[in-house]
Amino acid sequence: GAGVSQTPSNKVTEKGKYVELRCDPISGHTALYWYRQSLGQGPEFLIYFQGTGAADDSGLPNDRFFAVRPEGSVSTLKIQRTERGDSAVYLCASSLRSGLSSYNEQFFGPGTRLTVL
Amino acid sequence: KQEVTQIPAALSVPEGENLVLNCSFTDSAIYNLQWFRQDPGKGLTSLLLIQSSQREQTSGRLNASLDKSSGRSTLYIAASQPGDSATYLCAVPLPGGYNKLIFGAGTRLAVHP
């Protein structure tokens with residue numbers, strides 16, 4: 001079956017603009033994660049959804065960042081008033097489910113490379 | 001707080017060499033440890049996942065070991081090939097944290113002919 005897909009693959013925007021990044025998880029996966037990867041670093045957690053609700057948004061850097069998953073499938077990461085420091089690769093991952101005492105393998109999408117000029 | 005460190009940060013070897021990549025973590029209370037491969041401009045491909053009860057996992061020329069008590073894992077690549085050139089990342093899920101993954105910064109591997 002299809003893996004995790006992300007669109008766009010590349011996004012170039014100007015400082016101060018608003019951007020939306022989309023993630024389509026693997027069908028049937030209820031857990032969805034967003035990570036951000038800066039150059040030369042490993043991915044860092046941003047937010048986790050179980051179904052439609054954000055169960056953990058502790059990784060969002062500030063209130064310019066927001067994510068939704070209204071129907072429990074596709075998710076959109078939204079960044080307002082973009083800054084040059086937001087430039088990074090934004091990765092999405094999905095898994096069957098996740099809980100406080102269990103683990104299911106996460107499958108990653110190809111990422112969206114965001115460049116803020 | 002869980003921290004994951006990878007050594008070396010970069011490695012360049014001639015084709016055919018056997019090599020070892022290292023990963024260390026500060027909190028030994030992990031469910032498992034996962035090794036990923038990342039090609040330039042691409043997402044992450046899972047290579048091996050070692051459960052906390054296991055000592056090692058093998059896939060083809062790759063072998064990953066896990067020593068929870070010492071907080072270390074190694075990824076062994078046998079008979080390296082130019083196609084192995086990529087960044088290798090290790091990650092552990094944060095227990096009690098909905099399993100968000102904590103990553104190391106990666107080892108950039110270059111295998112030259």
Where only protein heavy atoms count, and the probe is 1.4 Å, what is the accessible area per residue for the protein assembly as shown in Å²? 46 Å²
Given a 1.4 Å probe and every protein chain left where it sits, what share in percent of the accessible area of the protein assembly as shown is carbon and sulfur? 49 percent
Shielding by other protein chains, B:84-93, mean Cβ within 10 Å: 2
Summing Lys, Arg as +1 and Asp, Glu as -1, what charge do residues with Cβ under 12 Å from the Cβ of A:Glu83 carry, A:Glu83 excluded? +3
Would you mind calculating the relative contact order of chain B from Cα pairs under 8 angstrom and at least 6 residues apart, reporting the percent as a whole number? 37 percent
Per q in 0.28 Å⁻¹, report the Debye log10 I(q)/I(0) for region B:58-104, using one uniform scatterer on each alpha carbon and no solvent. -1.12
Give the residue from B:Ile102, B:Ser80, B:Ser59 lying farthest towards the positive end of the charge dipole for region B:42-102; charges sit on Cβ (+1 for Lys and Arg, -1 for Asp and Glu) and the dipole is referred to the Cα centre. B:Ile102
Among A:Phe49, A:Pro61, A:Gly16, which residue has its Cα positioned farthest towards the positive end of the charge dipole of region A:1-70, with +1 placed on the Cβ of Lys and Arg, -1 on the Cβ of Asp and Glu, and the dipole taken about the Cα centre? A:Gly16
Reduced Cα scattering model of chain B, Debye log10 I(q)/I(0), q = 0.18, 0.24 Å⁻¹: -0.85, -1.42
With charges only on Cβ, +1 for K and R and -1 for D and E, what is the dipole size of region B:1-77 about its Cα centre, in debye, rounded to 20? 160 debye
Run the numbers on region B:31-45: which residues show a drop of 50 Å² or more in accessible area, chain on its own versus all protein chains together, using a 1.4 Å probe over heavy atoms? B:Tyr31, B:Leu44
Could you let me know the centre-to-centre spacing of region B:36-113 and region A:5-44, using Cα atoms, in angstrom? 22 Å
Accessible area buried, both sides summed, chains A and B with 1.4 Å probe, Å²: 1900 Å²
Near A:Leu117, within a Cβ-to-Cβ distance under 9 Å, what is the net charge of the other residues, with Lys and Arg +1 and Asp and Glu -1? +1
Among the listed pairs A:Lys11/B:Lys42; A:Lys17/B:Lys100; A:Lys15/A:Lys78, give every one whose C-alpha distance is greater than 24 Å. A:Lys17/B:Lys100
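The values are calculated or read from the model by the stated rules, or taken from the named source; none is laboratory data. Worth saying up front: this structure is predicted, and the values here are computed from it rather than measured. When we count neighbours, we look across all protein chains shown, and the Cβ atoms used for this are built from the backbone with ideal geometry, even at glycine. Surface areas here come from the heavy atoms of the whole protein model, side chains and all, with no ligands, DNA or RNA. Shrake-Rupley method; radii C 1.70, N 1.55, O 1.52, S 1.80 Å.
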